Amino acid sequence: MMRQKKLAMCIAVTVLFSVVAVLSVFSQEDVKTVQDKAFNPRTMERHGVSFLHDAHNEKAKIGECNVCHHDYKDGKKLEDGSSEGTACSECHKSDDNEDSLPLIRAYHLQCKGCHAEKRKGPVMCGECHVRE
Ligand code: HEC
Ligand code: HEC
Ligand code: HEC
Ligand code: HEC
């Protein structure tokens, strides 16, 4: 009897921990800066960009996650597809290669592109890459 109770406890605790682990992987609440580990920290010229994920997206009134976390198949953007949980750098490589849009250009095109289009949000280097 005792042993069964202990086992049940163990299972419950394990399940609880896995749920917490999964939830924290999918939580974007604490993204405050974009500082992609794919950029070599030793050659990095500029150090991260302040980006208060949720607050930014609320203020900018961006409804769909896949405006940024998009997904592609056979070179075509998937209308209903999305890739949150997958880092930009898993698809956009930090070195120059011909297979994908390089990471630095991907960030600049996405961030600056929208700001320029909406005429809102920073477009100058120093506005995003703030000196400390
Ligand atoms: C709208 C915001 C924005 C603007 C404007 C912007 N950047 Fe960036 N830039 C980013 C983001 C986001 C990254 C990815 C940062 C990271 O992961 O550390 C980045 C990355 C970089 C990197 C590669 C990482 C590094 O530190 O070496 C360089 C170099 C860079 N930017 C230079 C510039 C220059 C030069 C300008 C102006 C011509 C500029 N950026 C304007 C947002 C911006
Ligand atoms: C304006 C662009 C933009 C929008 C809209 C956006 N995100 Fe993000 N998100 C980012 C960037 C940039 C990062 C950090 C770079 C990376 O992880 O590759 C990020 C990171 C994340 C991460 C990884 C968190 C971590 O700790 O690594 C998750 C999860 C995420 N976003 C979920 C979402 C969800 C869910 C939505 C919709 C409710 C959403 N995002 C909308 C740009 C965006
Ligand atoms: C699942 C893979 C995947 C992820 C994750 C991903 N992308 Fe992309 N992205 C692509 C593909 C594929 C293309 C088409 C061009 C190419 O082949 O590189 C593309 C195109 C783009 C383009 C040019 C077209 C457009 O939509 O404006 C930008 C900018 C871009 N990505 C930025 C980003 C940023 C920033 C992130 C992270 C928030 C991100 N991407 C995450 C696969 C991905
Ligand atoms: C789809 C459009 C869109 C994309 C993509 C986007 N932004 Fe913005 N951003 C905006 C708008 C709109 C504002 C102005 C919000 C306002 O003040 O009303 C803004 C404002 C900002 C500001 C000013 C401070 C703030 O939080 O309001 C920063 C910094 C910023 N964006 C950084 C970024 C970075 C870094 C990225 C790329 C990772 C990015 N943005 C991608 C639309 C976008």
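The values are calculated or read from the model by the stated rules, or taken from the named source; none is laboratory data. It should be emphasised that the depicted structure is a prediction, and the values quoted were computed from it without experimental measurement. Cβ sites come from the backbone with ideal geometry, for glycine too, and all protein chains shown count toward neighbours.
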Problem set entry | Residue that is nearest to Asn57 (Cα to Cα), among those in the stretch 95-110 that are more than 10 Å from ligand 1 (Cβ to nearest atom) and among the polar types (S, T, N, Q) | Ser100
Seminar exercise, completed: Apart from one, (1) within 11 Å of ligand 4 (Cβ to nearest atom); (2) touching a strand residue (DSSP E or B) at 6+ places or on another chain (Cβ under 7 Å); (3) more than 22 Å from Asn40 (Cβ to Cβ) all hold for Leu78; the odd one out is (1)
Exercise. Can you find even one residue in the stretch 82-102 that is more than 13 Å from ligand 3 (Cβ to nearest atom) and modelled with pLDDT under 95?
Worked result: yes
Exercise. Is there any pair with a first residue in the stretch 48-62 that is in contact (Cβ under 8 Å) with a residue 60 or more places away in the chain and a second that is assigned to a helix (DSSP H, G or I) whose Cβ atoms are under 6 Å apart and which are 6 or more apart or on different chains, and what are they?
Worked result: Val49/Cys128
For this session: Could you pull out every one of the helices (runs of 4 or more DSSP H) wholly within the stretch 83-132 that has 2 or more residues that are within 12 Å of ligand 4 (Cβ to nearest atom) and under 14 Å from the mean Cα position of the chain (by Cα)?
Result: 103-118
For this session: Select from the stretch 31-57 the residues that are surrounded by 10 or more Cβ atoms within 10 Å (Cβ to Cβ), more than 15 Å from ligand 3 (Cβ to nearest atom) and at pLDDT below 90 and list them in ascending order.
Result: Met44, Arg46, His47
